[in-house]
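The values are calculated or read from the model by the stated rules, or taken from the named source; none is laboratory data. Since we're looking at a predicted model, the values are computed, not measured. We place every Cβ from the backbone using ideal geometry, glycine too, and count neighbours over all the protein chains shown. Accessible surface areas use protein heavy atoms only, side chains included; no ligands, DNA or RNA. Shrake-Rupley method; radii C 1.70, N 1.55, O 1.52, S 1.80 Å.
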Amino acid sequence: MKRGLIIVAIGILALVYSCATNPFTGKKTMALVPDSEIFPSAFQQYGQFLAENKVITGTKDAKRVETVANKIKVAAERWLTANGNASYLANYQWEYKLVDSKEVNAWCMPGGKIVVYTGILPICKDDAGLAAVLGHEVSHALANHGQQRMSAGLLQQLGGVGVAAATGNKSPQTQQMIMQAYGVGSQVGVMLPFSRDHESEADMIGLTLMGIAGYNPENAVFLWERMSAQGGEAPAEILSTHPSNETRIANLKKLLPQAKAEAAKFGVAFK
């Protein structure tokens, strides 16, 4: 029992002393794994992904991805400079690639490595829709969500070690039941809500960035309405890493005035 408590105490101390304040969210976030470790690994994985997939270059769509992504990057730089954090992106190595895939997806790795799949372009419909997608994905990187997920995963593992140590005097059957309960409880009660919160944060930051870049944030609502119209089975929200489309669309509508007001500070106005 004492060993389990010691392990948990060490985990709590690690959490307390490894928090960093993110300029985009204003929140103290977990940073058990530093960017100096995450970025090189992300850059290596990105290069490997590009080597194993068909990257499209020189086409109208490829140039669109590069143009819109660059505008989102500049918007982030402008916001950070205006808020006294001009050096925040010093170690980013921005790169934007269009990849041939029917998958409806796009992502941004820590450090600014972006991929857009061709399968999402019809749903984006235009540059504003693409800006909504890229604003959201870039925001995950800017808010250090990857770093936080890695840190949370380490704490979840540490908690499991603590539970195992604390129940070491129980029967194997009881230990198994407790570990299963911990696994389900920590996943559904902590990790999944944590991930859904990240999605909502990325929505807010993304709306602001696309607005500063000159794209009306209302287009993010239209994008998700088109996304929702694609249909398909989705897990119950409580069991998902993402909010439901309905929840996301409702939240985006609530956030529009704030995003437009922030864009107005940079001389960008929308009707």
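Across the stretch 83-94, the number of residues qualifying as open to solvent by 70 Å² or more (accessible area, probe 1.4 Å), part of a helix (DSSP H, G or I) and touching a residue at least 40 places away in the same chain (Cβ under 8 Å) comes to 0. Looking at the stretch 109-139 only, could you name the residues that are open to solvent by 20 Å² or more (accessible area, probe 1.4 Å) and within 12 Å of the chain's Cα centre (by Cα)? Within the stretch 109-139, 109, 110, 137 qualify. Within the stretch 31-62, the residues that satisfy the criterion of being over 18 Å from the mean Cα position of the chain (by Cα) and among the hydroxyl-bearing types (Ser, Thr, Tyr) are 36, 57, 59. Taken together, the criteria place residue 28 among residues that are touching a Ser or Thr at 6+ places or on another chain (Cβ under 8 Å), open to solvent by 30 Å² or more (accessible area, probe 1.4 Å), among the basic types (Lys, Arg) and modelled with pLDDT under 80. Residues in the stretch 57-72 that are open to solvent by less than 40 Å² (accessible area, probe 1.4 Å) and not small (Gly, Ala, Ser): 65, 68, 72.
Of the residues making up the stretch 96-108, those that are in contact (Cβ under 8 Å) with a residue 40 or more places away in the chain and open to solvent by 10 Å² or more (accessible area, probe 1.4 Å) are 97, 100, 101, 104.
Residues checked against (1) at pLDDT 85 or above; (2) within 26 Å of residue 80 (Cβ to Cβ); (3) not in a helix (DSSP H, G or I):
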position: 209; (1), (2), (3): yes, yes, no
position: 226; (1), (2), (3): yes, no, no
position: 242; (1), (2), (3): no, no, yes
position: 253; (1), (2), (3): yes, no, no
position: 257; (1), (2), (3): yes, yes, no
position: 263; (1), (2), (3): yes, yes, no
position: 268; (1), (2), (3): yes, yes, yes
position: 271; (1), (2), (3): no, no, yes
